[in-house]
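Structure record follows, encoded as structure tokens.
Only the coordinates and a few stated rules stand behind these numbers; no lab work does. What you see is a predicted model, and the numbers here were worked out from it, not measured in a lab. Cβ placement follows ideal geometry from the backbone for every residue including glycine, while neighbour counts extend to all protein chains displayed.
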Amino acid sequence: MSSYQPPLRDELKGIEPYGAPQLDVPVQLNVNENPYGPSEATVRDIADSVARAAATLNRYPDREFTELRRELAGYLTPDSGSTPIAPEMVWAANGSNEVMLQLLQAFGGPGRTALSFAPTYSMYPEYARDTNTTWIAGTREEDFSLDLEKARDLIAEVRPSVVLLPSPNNPTGTALDPKAIAVIAEALGDSGVLVVDEAYGEFRRDGVPSALELLSTYDNLIVTRTMSKAFAGAGLRLGYLAAHPAITDAIRVVRLPYHLSAVTQAAALAALRHREELLAKVDELRQERDALVAWLRGQGHQVADSDANYVFFGTFPDRHAVWQGLLDRGVLIRETGPDGWLRVSVGTPEEMTAFKNALLEVVTP
Ligand code: PMP
């Protein structure tokens, strides 16, 4: 093959595609998946639903995924306080990654700025790059919280069109102070939207509210969720958001027609019918998470508070050596975020035991 150089955009030259290593090891705790797969009954219902959809594949699917929007709205409503989520407030795409790319296509773009606060989810700057949106990252405090005064000043200075804030944050696991939503949504006013990324929202600790409760207060607030984590549906690729209907209408302008295949819609609807089973492990994972935080602290490690299904801990003078030592023992975790820190997903009790034993061998307390 000749060494052909395609005429790539300058800013994409030499860039490696994003992605955690996909290594076939016994204990995979690196991408915050749910360790529990679906039951046979759920698998059968998904397969039957997909088979029915397959018989219609000569036709394009429902472009507005009406039934799925209705079901997702019904699922979100218990978290939204006193105001129900209406189907026209819901939008979905192939993973919340795609939802956020569509948001930047609609609200970012040349001459516009997207803002977040580091350390945070490493895909955000990539959505900005891919949509030609200027990317600015403010900073977080030592405990990974936001200084709201500083955040307000930065917003006044850079006038972002989009602010992206995960709650809980990835990789730190820390939830957003509900006051932050009010301060930032008000600071943005009509010139920007605030995206609260609740990819891991279902894992939040008792007493931590969802940003969904504030949707009726702030027209410029967007709350994103995904079926990849709590719902045990990472392979399904179904992310979604709730926001003012004017926001979902705006996304309809930039979405590709029929972006959600009939197969995806059928599988997602079937998974939603089995939500009780698929979400049943969330409480167990939260308890396992709390136990892991306590254990790591007991071992003398620094551990960020976690409202997610992963735990951020450190700090190690050579974190790569720790990561490699665990991998050599069949345990894959994630080397991400500020230097010295590592992130481990919460798995089954057996996987947690394997992780702890391996860590004890690699790191002498
Ligand atoms: N937001 C955050 C904070 C994440 O950690 C992830 C996945 N790691 C996503 C969004 C995207 O998830 P998905 O595309 O699977 O919905």
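Tabulated data for the structure shown
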quantity	calculated
Shape call, the chain: gyration tensor on alpha carbons, a/c limit 1.5	rounded
Distance (nanometres) between label positions extended 7 Å along Cα→Cβ at THR353 and ASP153	5.2 nm
Helical contribution to [θ] at 222 nm, DSSP H n ≥ 4, -39,500 (n - 2.57), averaged over the chain, rounded to 500	-11500 deg cm²/dmol
Unit charges at the beta carbon, dipole of the chain: most positive-side option, GLN5, TYR218, LEU279	GLN5
Cα centre as origin, Lys/Arg/Asp/Glu Cβ charges: the chain dipole, Debye	720 debye
Order by protection proxy (mean Cβ within 10 Å, highest first), peptides 245-253, 219-227	219-227, 245-253
Relative contact order %, the stretch 19-137, counting alpha carbon pairs below 8 Å whose residues are six or more apart	15 percent
Sequence ranges 58-67, 231-240, ranked by mean other-Cβ count within 10 angstrom, highest first	231-240, 58-67
Of ALA92, LEU269, ALA243, farthest towards positive along the dipole that unit charges on Lys, Arg, Asp, Glu beta carbons give the stretch 41-274	LEU269
Positive-end extreme of charge dipole, the chain - chosen from GLN102, ALA55, ALA294 (charges on Cβ)	ALA55
Proximal lysines relative to LYS150, as straight alpha-carbon distance under 28 Å, when same-chain residues fewer than 8 apart are discounted	LYS179
Qualifying GluC sites (Glu not before Pro) in the stretch 109-188, DSSP loop, other Cβ atoms within 10 Å at most 12	GLU141, GLU142
Cα-centred dipole magnitude for the stretch 187-287, charges only on beta-carbon of K, R (+1) and D, E (-1), debye, nearest 20	380 debye
Length-normalised contact order of the chain in % [C-alpha pairs under 8 Å, at least 6 apart]	23 percent
Rounded to the nearest 20 debye, dipole of the stretch 42-105 from Cβ charges on Lys, Arg, Asp, Glu	180 debye
For the stretch 164-176, 3J(HN,Hα) per residue [Karplus equation, 6.51 cos²θ - 1.76 cosθ + 1.60, θ = phi - 60°, Hz, x = Gly/Pro]	10, 9, x, 9, x, 6, 10, x, 7, x, 7, 7, 7
